[in-house]
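Here is the structure we will look at.
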């Protein structure tokens, strides 16, 4: 039986609790605090020195009035709208294929799909960058030879090229989560269904998909949160693509605001806005699918 | 996630394979043969997609700067892998090795402490009742939803104030916090660590921490390995946090170091080859680790999703 012992529990929770408070809760509070202030220069021509003054929601208004930042928010939302379905459907197809009776070489394929998860995003982006740049890329070269001319780094395509990099990195991980859940299904269910005359497709549709639902929900939420943080991939592609500005994503905009323009207060407001969008979208999604579904 | 609904967690041992049952020899008919060709064909095409960039970097790492741009990326040309590797390891007085060591310190040290701290908290939440326990747990869970990059900027400002920015600590300390680890540990401890065993140890007069360290930790090992791996890869692959925190190249992890070479390559073309070679060297050990440790990934992932 559990011991009703708050003091012992506190002892076990203390190390994590202190770190969580210092490096998770405090930064959030600090960002909100910082976002409510601004730097004002005093004296003639602003030479009299700097002073931190309360600004209310001015920084938020500034951030939302700056077309660059609003565009970047819109861009990652569009990016997420493409990335999330691509990621989940691809991972699901791979997981289902690996778990069919017809599959062969399963350990090899599973490992091959999972490998990119071990490659840091920046290195994956450098790699794919070489595969996108005409002149170096064997892919662009091969397509040219058969008369297909693609510009992976153009204004219309570069976002899709980033989708490809992120997909390459994380599909294997999401696939593994789904495979793990598929393997926890009682195989007798399939036998029973088969006896009842269910086809392979029926088993997928009526047994496998409903049973992996919690894993699909989990991977979707993590993918939503991950896509909104988009930073490394476009940053690495920026030197080779003229279509990527320094405000391409909210994270790039906030980083730029803080370290190029030294406007930490505006950057803090942008960081808070990004966190808000991430929470609204992920909780919104949970809400949406929560009706009648698996609830905690 | 009430504890009663948690089924016994699978261990790291491979679960009994239900698939074997389905593989029992059936009469090979035309339709099973056709579906096998389709399935394996699909799997193979996907494998090409995932392995092509890996193959490309293997080939590219053997080339000179000239051949990197002048020859087909899909086949070797005047392979000189060892020369290239030597260049990578000796450039700028061997700073690459320093970056590797830094990455090992950040990822290894951070993941180790994160795992231990998460295990304590998860165990505490699973095995002791106190007022507001669920509220505490939900607060920690909410942490999973906060984008880490949104925390990095305010963290930098905070750590600058106490003069900890641009130190090892600035990357190491934030990496220790793993809400997901606490979540996994709580579920695993609740399901796998028997209360009777703890009670027996108490009757023997063992202290609470001692019981945790000698009894509970051992039972929780499969979950701990999973958390360690997740955290290790997460920290190793992290870019935004060190980018924000560090300005001294001697403190850079590999991700940041290689990117700094890549950024300068426009002006100094031989850096392209160094970037490619350095990326190759950094990717290989991690890939080997992914393959060798795969069964641990799966066991822990089931934990995370099935009960989510």
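Here are some notes:
- Shielding by other protein chains, A:213-222, mean Cβ within 10 Å: 3
- Candidates B:162, B:292, B:276: whichever shows maximal mean-square fluctuation once chain B is modelled as a Gaussian network with Cα springs under 10 Å: B:162
- Comparing B:71, B:275, B:62 in a Gaussian network model of chain B where C-alpha atoms under 10 Å apart are linked, the largest mean-square fluctuation is found at B:71.
- Rounded, prolate or oblate (a/c below 1.5 giving rounded, otherwise prolate when a/b exceeds b/c) for the protein assembly as shown by Cα gyration tensor: oblate
- The Cα center of the range A:131-202 and the Cα center of the range B:29-102 differ in position by 19 Å.
- Global geometry of the range A:225-289, whether rounded, prolate or oblate, following the gyration tensor of its Cα atoms and the 1.5 cut on a/c: oblate
- Against chain B, whose longest principal axis comes from its Cα atoms, helix B:294-306 is set at around 50 degrees.
- Highest-first arrangement of A:73-86, B:253-266, where packing means the average Cβ count within 10 Å: B:253-266, A:73-86
- Three-way shape call for the range B:161-308 based on the alpha-carbon gyration tensor, with the a/c threshold at 1.5: prolate
- Taking the C-alpha atoms only, the angle from helix A:213-228 to the longest principal axis of chain A is near 30 degrees.
- GNM top mover of B:30, B:83, B:248 - chain B, alpha-carbon springs below 10 Å: B:30
- Quotient of C-alpha Rg and 2.2 N^0.38 Å, computed over the range B:29-139: 1.92
- Rounded tilt (10° steps) of B:81-104 against the dominant C-alpha axis of chain B: 30 degrees
- Average beta-carbon neighbours from other chains, 10 Å sphere, peptide A:102-108: 5
- Counts of other chain beta carbons within 10 angstrom of each beta carbon in peptide B:50-60 average 5.
- For the range A:64-290, the ratio of Cα radius of gyration to the globular rule of thumb 2.2 N^0.38 Å stands at 1.19.
Each reported figure results from applying straightforward, stated rules to the coordinates on display, with no laboratory input. Being a predicted model, the structure only gives us computed values, none of them experimental. Positions of Cβ are backbone-derived with ideal geometry, glycine not excepted, and every protein chain shown enters the neighbour counts.
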